[in-house]
Every structure is written in structure tokens, then in C-alpha cells.
Amino acid sequence: MSQSDVPIIAARQVSKAYAGAVALRDVSIEVWAGQVSCVLGDNGAGKSTLIKILAGVHRPTAGQLLLDGRPVDFDGPRAALEVGVATVYQDLAMVPLMPVWRNFFLGRELTVGRGPARRLNRSGMRAIVRQQLSQIGIELRDVDQPIGTLSGGERQSVAIARAIHFGARALILDEPTAALGVKQSEVVLKYIRRARDEGLGVVFITHNPNHAYPVGDHFLVLNHGQAQGYYAKAELSLPDLAAMMAGDPVDLS
Amino acid sequence: MAAHRPPPALAALIARPETGALIATGLVMAFFGLASQAFFTVAGAGVWLESASTYGIMAVAVALLMIGGEFDLSAGVMTGFTALTVGVLATHFGVDIRLAAGLALILALAVGALNGFLVIRTGLPSFIVTLATFFVLQGVDLAVTKLILGQVTVQGLSKVPNYDSIQPIFGSQLQLGQGHFYVSVLWWALCTVAAVWLLNHTRPGNWVYAVGGAPLAARQVGVPVRATKVVLFMGTALAGWLVGMISLFRTSTVQATTGVGQEFIYIICAVVGGCLLTGGFGSVVGASLGALIYGMTFQGITFAQWDTNWLMAFLGVMLLGAVFVNHWIRLRVAPT
Ligand SMILES: Nc1ncnc2c1ncn2[C@@H]1O[C@H](COP(=O)(O)OP(=O)(O)OP(=O)(O)O)[C@@H](O)[C@H]1O
Ligand SMILES: [Mg+2]
């Protein structure tokens with residue numbers, strides 16, 4: 001079932017107001033299989049708000065979501081997850097004090113047995129986590145350690161591994177490199193490329209044009225809740241993108 | 001990328017939050033064993049186990065709730081509320097005592113659910129919401145009991161029909177040599193095992209940790225945060241009912257002030273057992289050990305014929321020590 005002629009998920013002219021204050025106005029974005037769509041913008045530009053709409057956390061106050069070209073209405077994050085739209089939030093949606101394996105499977109725990117004897121498959125989950133993490137180059141001696149004791153880059157990588165493991169088709173990453181140093185950012189950018197090469201549609205949110213440009217196929221620049229432009233990579237250069245972020249006038253003729 | 005490792009002492013406490021309580025249990029046991037001849041006799045053990053049992057049942061439920069990020073200050077007065085309900089219905093209104101116990105259970109669960117709904121609906125701290133429930137129940141206990149019975153004590157309960165059919169479930173005892181062992185100790189063990197199973201071996205248990213540790217994150221990955229919290233409040237109410245029945249059928253009487261002031265002891269037991277006040281972390285076994293420490297100290301001080309007021313001072317010191325250790329864990333694992 002190839003549907004590569006339509007985006008996996010798209011927002012059409014969506015708006016969102018928080019208690020009267022407009023955080024997003026008439027913004028559109030498309031997420032294509034095997035491509036990376038970057039969302040750029042200053043603090044408070046509405047980036048997180050946009051992806052929370054894609055992820056089913058917020059309902060848009062106006063506009064429409066399309067899943068495989070058909071209108072869709074998510075009534076919660078779970079509904080989005082079920083159709084393969086997975087999100088790694090700025091706060092990573094992780095519980096710092098919980099063990100790595102419990103975090104990895106949170107909300108989708110594996111169980112064995114039936115009825116009252118139904119219980120967590122603890123050894124199975126530990127083994128899967130160990131294997132998934134070693135695949136992306138993280139060797140934990142102890143998957144029982146609280147995830148809060150991992151470094152920021154490691155946590156980010158665990159979150160991405162989790163989304164991919166649970167069959168994400170579209171992967172939304174909210175500022176995955178924001179808190180990271182140069183080396184750890186490179187690692188995360190590597191996973192973004194790998195996810196793209198595996199055919200996932202990726203939404204990559206960042207402040208940093210230097211992170212976005214090398215991996216991105218499309219660029220949505222937000223400014224005070226409005227789209228300042230939506231460009232394919234061929235339409236602009238890294239200096240153009242950087243200038244746009246700095247608020248300088250850009251001539252794209 | 002090299003994985004970060006917590007220092008060994010911290011790692012041990014994280015893996016087993018009840019470690020501190022276990023050490024304290026050993027110390028308290030040794031201390032009172034030396035201070036009093038009676039402590040390590042069969043009769044003595046029966047006394048301090050019985051004393052610990054009702055606190056243990058409550059501490060286990062309170063620990064689950066605290067790991068889930070909430071408090072229940074109405075848990076203490078709930079034990080009196082349920083016992084009074086049964087006492088008044090059976091002695092004054094002639095309701096069959098078994099039915100009365102069932103009605104009290106339903107009432108307790110309803111109050112627990114109400115606590116939960118108020119907390120999730122208003123978003124107010126459960127400390128405040130359940131403080132209100134606490135006062136309401138305390139007032140109702142006193143006023144309604146006085147209004148209906150004309151006094152603040154239920155009497156003549158053991159003469160109502162079918163009393164003997166239900167009494168053994170909650171109040172029977174077994175004599176071993178000089179010692180009396182109450183069935184409440186068995187209930188305590190059962191509750192502890194059930195709670196360990198629930199918390200560490202089931203999906204809802206995983207959610208309890210998550211809703212206490214990071215409710216927003218839990219919601220984002222699809223955990224039913226609100227339902228989990230409501231059920232936890234119903235859990236402390238259920239425990240309150242069980243303890244209410246145990247105290248009612250052990251003594252066949254109940255005072256309108258029963259349970260008032262006990263809620264903080266349950267919280268102390270849970271904290272001594274490794275529960276963080278901020279939620280998301282703790283141990284059911286630890287809370288049970290906390291209750292054991294309380295029972296041993298309470299009775300040990302009596303055995304040693306000291307002023308029982310030392311108990312409160314001791315509790316305060318334990319609490320402070322436990323909070324320091326727990327705070328240290330939290331700062332290391334989840335700074336912010
Ligand atoms: N839950 C909320 N309630 C009220 N206002 C909100 C809420 N979430 C965001 N806002 C507001 O909406 C606007 C857009 O916020 P958003 O989080 O989408 O920005 P952002 O581009 O992700 O910023 P950052 O780079 O800081 O993450 C901001 O003015 C913010 O204060
Ligand atoms: Mg944001």
C-alpha cells in the first residue's frame with residue numbers, strides 16, 4: 001500500500017488560541033514519508049503548539065488535519081499514536097525517577113498471563129530495551145537505572161528509539177538538539193537521517209538553521225504564530241535560512 | 001556515548017527505596033530487645049504486631065497514593081467513619097450487620113472517588129481537598145453520632161443478630177503460648193503482598209509511578225492519568241474501611257473521634273519507607289516496615305515503662321531523617 005503521493009500527515013490552515021490568546025494562525029505543513037520537514041522559529045513562535053496539534057494533544061481551533069489525505073480528528077495523543085504519529089516532546093515525555101525500561105514501555109507495557117495473573121513481562125521488556133539501545137550505540141549496564149541519570153543526548157536517543165520501536169510512520173521531534181552539545185547534537189542528527197532513510201516522515205523542530213539545513217527537505221519558518229514561509233530545500237540556501245531566522249529581509253528571487 | 005552511573009550508595013537506594021527502613025527496623029528491634037525483657041517474648045510480639053498491623057494496612061494504601069503523587073488526609077478519619085456507619089446502622093436502625101458493613105464499604109469508596117474527582121477536576125493540591133474531606137467527615141462523625149445515639153460511643157454491638165458471623169473475619173485471634181495473634185496481622189500481610197504485586201508487576205502499577213513522577217509525560221504517552229488517580233484515592237478509602245472494620249470488630253465498640261490524627265502517622269510510615277513527598281518514587285514494602293517500626297516503638301516504649309510521649313519525639317526524628325535521605329535521592333536523579 002504505497003501512499004507516497006500524499007503526505008502521511010498534513011495540517012491545513014490550522015489555528016490555535018489558548019484562552020483567547022492566539023498562538024498559531026493559519027499554518028500549514030506536510031509530512032512526507034522519507035523526508036524531513038523542519039519547523040523553525042524564535043521562542044514562543046508557536047512551534048510546539050503546531051506539533052501538539054499534529055500529535056493530538058491539542059485540537060485546532062480552526063483548520064484541518066489530514067491523515068493519508070483524509071480528514072482526521074484526534075481525540076487525544078493515544079489516537080495519534082495508534083495511527084503511527086509519534087512525538088518526542090521537548091520534555092521527552094519521560095519520568096526521570098522511573099527505570100529506563102519502564103519509561104521505554106510506558107503506556108504500552110508488555111504483559112504475560114491472563115485475568116488476575118496478567119503481569120508485566122519484565123524480563124522481556126528489559127531484553128528488548130537493551131537490544132534496541134545497543135542498536136543505536138547506547139550500552140547501559142543497567143536498564144533499571146532511573147532515566148534521569150542518563151545524559152540529555154542519551155535520553156533523546158532513547159525517546160527516538162522508543163518511537164521507532166513502536167512502529168511510528170511519522171516522527172515528530174520537538175527541539176531534540178536544544179539542550180545538547182556539538183557532539184551529542186551530531187548523534188541525534190544521525191538518528192534523524194536514519195529514521196528518514198527507513199522511510200519515516202520526520203518533523204524536526206529547532207532554533208538552529210545549522211542543524212536544520214543539512215538534514216531538512218522542507219522548511220517552515222514561524223513568526224509570532226504565523227507562517228513566514230514554507231520552502232523546499234532547492235529554494236533557499238543556509239545563509240538565506242539563517243537570515244530569515246535573524247529577521248533580516250531575504251530576497252529569494 | 002558512555003552511560004552515566006549513579007554512585008553506589010545512591011544506586012542501592014534507588015533500586016531498593018526500603019533499604020533505609022530495613023536498617024531502621026533492625027536497629028529499633030535490637031534497641032527495644034535490649035531495653036525490655038518482654039519485647040522478644042511471644043506475648044510481646046503479638047502485641048507489637050497487632051499494633052503495627054492496622055497502621056501497615058493504611059500505610060500501604062497511602063504509599064501507593066503518594067507514589068501516584070497525591071495525599072489523603074481523610075484516611076485516618078475514614079476508619080472511624082466506616083466503623084460508626086456500621087455501628088449506628090446495626091445498633092440503632094436494626095440493619096443486618098453484614099449489610100451494614102457492605103453499605104459502609106460502598107460509602108467509603110464513594111468518598112474516595114469524590115476525593116479523586118475533586119482533585120483532578122479542580123487541579124487543587126490533594127492536601128487541601130482531602131483536608132476539607134477530613135473536616136467534613138470528622139464533623140459528621142461527631143454530630144450525626146450524637147444526634148442519632150445521643151452519645152459519642154456505639155454500644156451493644158456484640159448483641160446484634162449475625163454479629164458472630166462477621167466478627168471473626170476482622171477481629172478473631174489465635175493464641176500461641178502466651179501470645180495473641182490477631183487476624184489483622186494476616187490482613188496486613190495480604191495487603192502488602194497485593195500492593196507489591198499491583199505496583200511492580202502490573203500495567204496499572206507502572207502508571208502509578210508515572211502519574212506521580214510526571215503526569216504530563218504520562219498523559220502524552222497515553223497513560224490514563226485521571227482514572228489512575230481516582231482509583232488510588234478509592235484504594236485509601238478501601239483500606240480505611242478495612243481498618244475501620246478491624247477496630248470495630250476487635251473491640252465491638254467505636255468512638256466518634258476514632259482515627260482523627262492518624263493520617264499523619266500513615267504518611268510518616270510511607271515516608272520512612274522511602275516514599276518521596278513529591279511522588280513518583282517509593283516502596284510498599286518500605287511503608288509496611290515503617291508501620292512495623294511505629295508498632296514496635298509504640299509498644300516498646302510501653303514495655304520499657306518510659307513516658308509514652310517520647311513516641312512523638314521519636315517519630316519526628318525518624319521523619320526528618322527519612323526526608324533528608326529521600327530529598328538527596330531526588331536531587332541526584334531528577335534535578336530541577
Ligand atoms: N498551554 C498553554 N496555555 C497558554 N498559552 C500557551 C500554552 N502553550 C503555549 N502557550 C503560548 O503560546 C505561544 C506559542 O508557544 P509555543 O510553546 O508553541 O512556542 P515555541 O515556538 O514552541 O517556543 P519555544 O521555542 O520556547 O519552545 C507562546 O506565547 C506561549 O506562551
Ligand atoms: Mg517549544
> If the Cβ limit is 8 Å and pairs must be 6+ apart or interchain, which residue in the stretch A:52-68 that is over 12 Å from A:Gly84 (Cα atoms) and modelled with pLDDT of 90 or more pairs with which residue that is among the basic types (Lys, Arg) and within 16 Å of ligand 1 (Cβ to nearest atom)?
Replying inline: A:Ile53/A:Lys16; A:Ile53/A:Arg59; A:His58/A:Lys16; A:His58/A:Lys52; A:Pro60/A:Lys16; A:Thr61/A:Lys16
> Could you give every pair whose Cβ atoms fall below 6 Å, whose first residue belongs to the stretch A:167-193 and is closer than 12 Å to A:Thr206 by Cβ and open to solvent by less than 10 Å² (accessible area, probe 1.4 Å), and whose second residue is within 16 Å of ligand 2 (Cβ to nearest atom) and in a loop (DSSP other than H, G, I, E, B), counting only separations of at least 6 or pairs across chains?
Replying inline: A:Asp174/A:Tyr89; A:Asp174/A:Gln90; A:Ser185/A:Thr177; A:Val188/A:Pro176; A:Val188/A:Thr177
> Can you tell me which residue in the stretch A:173-188 is nearest to the chain's Cα centre (by Cα), limited to those that are within 12 Å of ligand 1 (Cβ to nearest atom) and within 14 Å of chain B (Cβ to nearest Cβ)?
Replying inline: A:Asp174
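Yes or no, residue by residue, for (1) over 26 Å from the mean Cα position of the chain (by Cα); (2) open to solvent by less than 60 Å² (accessible area, probe 1.4 Å); (3) in contact (Cβ under 8 Å) with a residue 24 or more places away in the chain:
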| residue | (1), (2), (3) |
| --- | --- |
| B:Val129 | no, yes, no |
| B:Phe135 | no, no, no |
| B:Gly139 | no, yes, no |
| B:Thr145 | no, yes, yes |
| B:Gly150 | yes, no, no |
| B:Val154 | no, yes, yes |
| B:Ile166 | no, yes, yes |
> What number goes with the only condition from (1) in contact with a strand residue (DSSP E or B) (Cβ under 9 Å, 6 or more places away or on another chain); (2) within 8 Å of chain B (Cβ to nearest Cβ); (3) at pLDDT 95 or above; (4) open to solvent by 30 Å² or more (accessible area, probe 1.4 Å) that A:Arg122 does not pass?
Replying inline: (1)
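Evaluate the following for A:Arg155: is it in a helix (DSSP H, G or I), open to solvent by 20 Å² or more (accessible area, probe 1.4 Å) and within 12 Å of chain B (Cβ to nearest Cβ)? Before the answer, list the steps.
Values: in a helix (DSSP H, G or I): yes; open to solvent by 20 Å² or more (accessible area, probe 1.4 Å): yes; within 12 Å of chain B (Cβ to nearest Cβ): yes.
Taking the combined requirement at face value, the residue satisfies it.
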>> One residue is enough: does the stretch A:68-76 have a residue meeting the conditions open to solvent by less than 10 Å² (accessible area, probe 1.4 Å), touching a Lys or Arg at 6+ places or on another chain (Cβ under 9 Å), among the aromatic types (Phe, Trp, Tyr) and away from ligand 2 (no atom under 16 Å from the Cβ)?
In response: no
> If you go through the stretch A:194-226, how many residues are of a type outside the set (S, T, N, Q), open to solvent by 40 Å² or more (accessible area, probe 1.4 Å) and either within 16 Å of ligand 2 (Cβ to nearest atom) or within 14 Å of another protein chain (Cβ to nearest Cβ) (or both)?
Replying inline: 2
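The values are calculated or read from the model by the stated rules, or taken from the named source; none is laboratory data. Because the structure is predicted, anything quoted here is derived from the model rather than measured. Cβ sites come from the backbone with ideal geometry, for glycine too, and all protein chains shown count toward neighbours. Heads up: the accessible areas ignore ligands, DNA and RNA and are worked out on the full protein's heavy atoms, side chains in. Shrake-Rupley method; radii C 1.70, N 1.55, O 1.52, S 1.80 Å.
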